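First up is the structure itself, then whatever we jot down about it.
The values are calculated or read from the model by the stated rules, or taken from the named source; none is laboratory data. Remember, it's a predicted structure, so these values are computed and weren't measured experimentally. Cβ placement follows ideal geometry from the backbone for every residue including glycine, while neighbour counts extend to all protein chains displayed. Protein only, heavy atoms only, side chains kept; ligands, DNA and RNA dropped before computing areas. Shrake-Rupley method; radii C 1.70, N 1.55, O 1.52, S 1.80 Å.
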Amino acid sequence: MINSAMSVREVAVQVPESTRLFETLKIDYCCGGNKPLTEACASAGVEVDNVIAMLAVLSRKDNDTVNFQKLSLTELITHIIKTHHVFTKSELDRLHALTEKVIGAHATNHPELLKVGELFRQLSTDLKPHMFKEEQILFPYMKAMELADSQNQPRPFAPLGTVDNPIRVMTKEHDTVGDILRELRTVTSDYRVPSDACISYQTLYQAVEEFEEDLHQHIHLENNILFPKAAKLERAES
Ligand SMILES: [Fe+2]
Ligand SMILES: [Fe+2]
């Protein structure tokens, strides 16, 4: 049962479909998900009671959607990599090329595109090594920890000490990415394309907005579900 005192994060975990509604209402459910629902709705300029009513409908429909909270760490990691890391990497490359093309054609009349290009490059510079660290160090450690637990074996060697250490670093990097996404939204006036925009310009803004939505869901799964589950498993083993 959803109530206004719950944090946005708790709602997003309990009702997976709610993230789409939060996306539409511009309610931050990933990096800023610790706010109570009442406060988040007030900041977004929407009535909390209306949102709770919509969430009640969504929670009834949610039977068909994946409940990420019930997945194992290994299943969740596989989903994150297959669905979000693969998409993020390919879109970073595709949108980099598209951004440069649109800057070349339109930056004289729309200088804000130069800032869009700069922010997008920053996103790429931050996200590629971030995902590399997750895939090569953090995720394998979490999977090994889960396997050891299922076989009643001792915990694997932890090169970074407690799992809380890399989680803290990854969460901080998510915050930085969240800030860049917010700045992109401001610079592009919520991805509103000007009247003289060509197809490439329109495609770019639409694609970056979809990239933002995917990244919000990606960070939500890590910050709000995967990381707390891994930290809890580690504490249970000790
Ligand atoms: Fe990730
Ligand atoms: Fe991440």
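Things worth noting here:
- Residue in segment 63-82 that is nearest to ligand 1 (Cβ to nearest atom), counting only those that are at pLDDT below 95 and within 19 Å of D214 (Cα to Cα): F68
- Residue in segment 112-129 that is at pLDDT below 95, assigned to a loop (DSSP other than H, G, I, E, B), open to solvent by 30 Å² or more (accessible area, probe 1.4 Å) and not aliphatic (A, V, I, L, M) present: no
- Being among the acidic types (D, E), within 16 Å of ligand 2 (Cβ to nearest atom), under 20 Å from I137 (Cβ atoms) and surrounded by 14 or more Cβ atoms within 10 Å (Cβ to Cβ) holds for only one residue in E173, E212, E234, and it is E173.
- Residue in segment 96-112 that is more than 16 Å from ligand 1 (Cβ to nearest atom), closer than 20 Å to Q202 by Cβ and within 18 Å of the chain's Cα centre (by Cα) present: no
- Just one of the listed residues (Y201, Y191) is surrounded by 15 or more Cβ atoms within 10 Å (Cβ to Cβ) and without any contact (Cβ under 8 Å) to a residue 24 or more places away in the chain, and it is Y191.
- Inclusion of D196 among residues that are at pLDDT 95 or above and either in a helix (DSSP H, G or I) or away from ligand 1 (no atom under 16 Å from the Cβ) (or both) is not warranted.
- Filtering T88, T74, T38, T19 for residues that are open to solvent by 60 Å² or more (accessible area, probe 1.4 Å) and either of a type in the set (S, T, N, Q) or not in a helix (DSSP H, G or I) (or both) leaves a single hit, T38.
- Residue check for T38: of a type in the set (V, I, T) and either in contact with a Leu (Cβ under 9 Å, 6 or more places away or on another chain) or under 20 Å from E210 (Cβ atoms) (or both): no
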